[in-house]
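Reviewing the structure listed below.
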Amino acid sequence: ETGVTQTPRHLVMGMTNKKSLKCEQHLGHNAMYWYKQSAKKPLELMFVYNFKEQTENNSVPSRFSPECPNSSHLFLHLHTLQPEDSALYLCASRQEVGGNTIYFGEGSWLTVV
Amino acid sequence: DAKTTQPPSMDCAEGRAANLPCNHSTISGNEYVYWYRQIHSQGPQYIIHGLKNNETNEMASLIITEDRKSSTLILPHATLRDTAVYYCIVNGASYGKLTFGQGTILTVHP
């Protein structure tokens, strides 16, 4: 248990569906991240939020839409995805001030059919 | 952030120490060395990090050379549950924006 909880753990969606991934951290951190891990590839950073503000979008297609309503919650809204978007999506958090270590959730396995 | 080089795979017998090397010859003075591991189908797990001094916690020890150009992660008594991909990452100013490489696949066998 890392203090970063992701739901759902597994999601299967059609290319025309709209779904969301949810992340909640119980660590009192104020920076949150979305990473993507495709099969046989290293983790790729997608988005960074600091104090609820998006500070980085790593050239992610607009069919992925993040939302950070507060420092404890992070969502990734998904719509019109492609089969190649099937991957493990990882949420992470860190204390922006005075903290270096980033903690990951268990991930959400997404399959697009 | 500086680049790291790790062997693609290593084996270790259960109960023995696993020593995982990492080269980071371009590391700069304010960059930390982090180690994470990822067990299949799970999120990366933080293990340990250090700047200059050797570090030890309940999971592992981290030995950093004096010139800081390389480090070794030591799992003192490897178990089958330590089988995972181990990532060595150098991280400085871009805290949190960890750049993951391919890592080392450690297989612990009976």
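Of note:
- B:Met59 contributes about 60 Å² of solvent-accessible surface, heavy atoms of the protein only, 1.4 Å probe.
- Rh by Kirkwood over Cα pairs, then Stokes-Einstein D for chain A at 1.306 mPa s and 10 °C, µm²/s: 114 µm²/s
- The relative contact order of chain B, computed from alpha carbon pairs under 8 Å that lie at least 6 residues apart in sequence, is 38 percent.
- Among B:Thr79, B:Thr99, the sequence by solvent-accessible area, most first, with a 1.4 Å probe is B:Thr99, B:Thr79.
- Nearest-10 value in Å² for the accessible area of A:Lys41, using the 1.4 Å probe: 110 Å²
- For B:Arg16, the accessible area of its heavy atoms, probed at 1.4 Å with every protein chain present, is near 150 square angstrom.
- Relative contact order (%) - chain A, alpha-carbon pairs under 8 angstrom, separation at least six: 37 percent
- Annotation for region A:35-113 versus region B:1-59: alpha-carbon center distance of 23 Å.
- Beta bridges per DSSP with both ends in the protein assembly as shown, % antiparallel, nearest 5: 90 percent
- Percentage, to the nearest whole number, of Cα pairs in chain B over 21 Å apart: 29 percent
- Solvent-accessible area per residue, Å², over chain B with all protein chains present [probe radius 1.4 Å]: 50 Å²
- Taking only protein heavy atoms and a 1.4 Å probe, the accessible area of chain A is 50% carbon and sulfur.
- Cysteines not pairable in the protein assembly as shown (beta carbon separation under 4.7 Å absent): A:Cys68, B:Cys12
- Candidate residues B:Ile89, B:Ile39, B:Ile27: accessible-area rank, largest first, probe 1.4 Å: B:Ile39, B:Ile27, B:Ile89
- Taking the Kirkwood radius as Rh and the Cα radius of gyration as Rg, the protein assembly as shown has a ratio of Rg/Rh equal to 0.98.
- Volume per residue of the convex hull around the Cα atoms, evaluated for region A:7-57, comes out as 125 Å³.
The values are calculated or read from the model by the stated rules, or taken from the named source; none is laboratory data. Keep in mind it's a predicted model, so treat the numbers as computed, not measured. Glycine also receives a Cβ, built like all others from the backbone with ideal geometry; neighbour counts cover every protein chain displayed. SASA here: full protein model, heavy atoms, side chains in, ligands and nucleic acids out. Shrake-Rupley method; radii C 1.70, N 1.55, O 1.52, S 1.80 Å.
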